[in-house]
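The values are calculated or read from the model by the stated rules, or taken from the named source; none is laboratory data. None of these values were measured; they are calculated from a predicted model. Methodologically, a virtual Cβ is constructed for each residue, glycine included, from the backbone with ideal geometry; neighbour enumeration extends over all protein chains shown. Surface areas here come from the heavy atoms of the whole protein model, side chains and all, with no ligands, DNA or RNA. Shrake-Rupley method; radii C 1.70, N 1.55, O 1.52, S 1.80 Å.
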Amino acid sequence: IMSKILEIASKEVGQGEVPLNSNKTKYGKWFGFDGVAWCGMFVSWCYAMAGTPLPNIGFSKGFAGCQTAVAYFLKMKLTTKNPVPGDIVFFDWNLDKRYDHTGLFSKWIVAGKQFETIEGNTAVGNDSNGGQVMRRVRNVTAGTLFVHPKI
């Protein structure tokens, strides 16, 4: 199941907003909340397309906001230190306890230290609102939270 989520996500690499800088995407249209930051909607879309939709985490089709999602996953005790491909990762870039961005864990590059993701609404130079689906390489920091959802 988890590999199917990544397989679906990898086919989306290169997808972006139309028009540019509009936050308008097929993921937002599907979610019913187009024109806003869409990293969480991308994650929710990938799970749904794999036939394993996330539960209602603020929205019937999953989550749009990182804060709402992190609160839910913490409450449900679904965080992990040992993510598997297809798990969800959240990023708190400035360590203010407010999560800024999310994506899908793909694989470890350096175990416990550096990993690859597939993320929606990112770009080199704009990690959290870059308008593209991309593979990214990230370092584990104090602001990295891995989640293994029950699906």
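Scanning the stretch 52-70 for residues that are open to solvent by 10 Å² or more (accessible area, probe 1.4 Å) and either at positive phi or not in a helix (DSSP H, G or I) (or both) returns T52, P53, P55, N56, G58, F59, S60, K61, A64, G65. Across the stretch 98-142, the qualifying residues are those that are of a type in the set (G, A, S) and in contact with a strand residue (DSSP E or B) (Cβ under 6 Å, 6 or more places away or on another chain), and the one among them that is surrounded by the fewest Cβ atoms within 10 Å (Cβ to Cβ) is A123. Would you please name the residue that is surrounded by the most Cβ atoms within 10 Å (Cβ to Cβ), looking only at residues in the stretch 80-97 that are of a type in the set (F, W, Y) and in contact with an Asp or Glu (Cβ under 8 Å, 6 or more places away or on another chain)? Among those that are of a type in the set (F, W, Y) and in contact with an Asp or Glu (Cβ under 8 Å, 6 or more places away or on another chain), it is F91.
Looking at K77, is it on the phi > 0 side of the Ramachandran plot, open to solvent by 60 Å² or more (accessible area, probe 1.4 Å) and of a type outside the set (A, V, I, L, M, F, W, C)? It is true that K77 is on the phi > 0 side of the Ramachandran plot, open to solvent by 60 Å² or more (accessible area, probe 1.4 Å) and of a type outside the set (A, V, I, L, M, F, W, C). Per the listing K77, K24, K29, K11, the residue uniquely closer than 16 Å to V133 by Cα, part of a loop (DSSP other than H, G, I, E, B) and modelled with pLDDT of 95 or more is K24.
Condition test on S22, is it of a type in the set (S, T, Y) and either open to solvent by 60 Å² or more (accessible area, probe 1.4 Å) or under 15 Å from E119 (Cβ atoms) (or both)? Criteria not met by S22. Scanning the stretch 139-151 for residues that are within 18 Å of Y47 (Cβ to Cβ), among the hydrophobic types (A, V, I, L, M, F, W, C) and part of a loop (DSSP other than H, G, I, E, B) turns up just one, I151.
Of all residue pairs spaced 6 or more apart or on separate chains, those with beta-carbon atoms under 6 Å, a first member in the stretch 34-51 that is under 14 Å from G120 (Cα atoms) and open to solvent by 10 Å² or more (accessible area, probe 1.4 Å) and a second member that is in a loop (DSSP other than H, G, I, E, B) and modelled with pLDDT of 95 or more are D34/K24; G35/N23; G35/K24; V36/N23.
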